[in-house]
Amino acid sequence: MTASIDAHVRLDTHPTHPSAVQAVLTGTQARVASMALEAAGWSVTTTGVLVLARIDHEEPYWAADAAQNLIAEGITVEITPRLQEAIDEEWT
């Protein structure tokens with residue numbers, strides 16, 4: 001069993017760029033989640049906020065992949081209903 005990490009990641013569609021995905025990180029160990037997302041191609045926009053924008057517009061797929069990887073590392077992930085709908089629409 002993976003130890004729990006004090007980090008919470010909320011994934012949602014970006015508020016002004018609907019094809020992009022935004023991750024808001026909180027918790028005392030949020031830097032662990034930030035490093036994992038940065039390694040997967042996410043860009044830091046401000047402290048505790050990262051964005052994934054791709055030219056192929058496959059952000060929902062890669063956001064779901066990132067969520068699975070973070071959860072496997074013991075990080076709590078929340079996917080908003082709006083993003084979950086985009087994930088389901090694009091990849092089912």
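Would you mind calculating the gained length between residue 76 and residue 89 on full extension (0.36 nm times residue separation, minus the Cα-Cα distance), in nm to one decimal?
In short, 2.3 nm is gained.
Sort region 29-89 into rounded, prolate or oblate with this rule: let a ≥ b ≥ c be the square roots of the eigenvalues of the Cα gyration tensor; rounded if a/c is under 1.5, and if a/c is not under 1.5, prolate when a/b is larger than b/c, oblate otherwise.
oblate
Run the dipole for the chain about the Cα centre, Lys and Arg Cβ at +1, Asp and Glu Cβ at -1, nothing else charged, and hand back the magnitude in debye, nearest 20.
About 360 debye.
Just to make sure I understand: if all protein chains stay in place, what is the order of 14, 8 by accessible area at 1.4 Å, largest first?
Descending order: 8, 14.
Could you tell me the accessible area of residue 6 in Å² (1.4 Å probe, neighbours in place), rounded to the nearest ten?
80
Place a point 7 Å from the Cα of residue 17 along the Cα-to-Cβ direction; which residues of region 54-92 have their backbone N under 16 Å from it?
54-63
Could you work out what % of the accessible surface of the chain is carbon and sulfur, using a 1.4 angstrom probe and leaving DNA, RNA and ligands out of the count?
54
Once both labels are modelled 7 Å past Cα along the beta-carbon direction, what's the residue 62-residue 28 spacing in nm?
Placing both labels 7 Å along Cα→Cβ, they lie 3.3 nm apart.
Pick out, from 63, 4, 51, the residue whose Cα sits farthest towards the positive end of the charge dipole of the chain, with +1 on the Cβ of Lys and Arg and -1 on the Cβ of Asp and Glu.
Of 63, 4, 51, it is 4.
Considering only DSSP beta bridges with both partners in the chain, what is the antiparallel share in %, to the nearest 5?
Antiparallel bridges make up about 75 percent of those DSSP assigns within the chain.
Please tell me the relative contact order of region 1-86 in percent, rounded to the nearest whole number, where contacts are Cα pairs under 8 Å and at least six residues apart.
39
The values are calculated or read from the model by the stated rules, or taken from the named source; none is laboratory data. Computed from a predicted structure; not experimentally measured. Cβ coordinates were reconstructed from backbone atoms using ideal geometry, including for glycine residues, and neighbour counts include every protein chain displayed. Note: areas computed on protein heavy atoms with side chains; ligands, DNA, RNA excluded. Shrake-Rupley method; radii C 1.70, N 1.55, O 1.52, S 1.80 Å.
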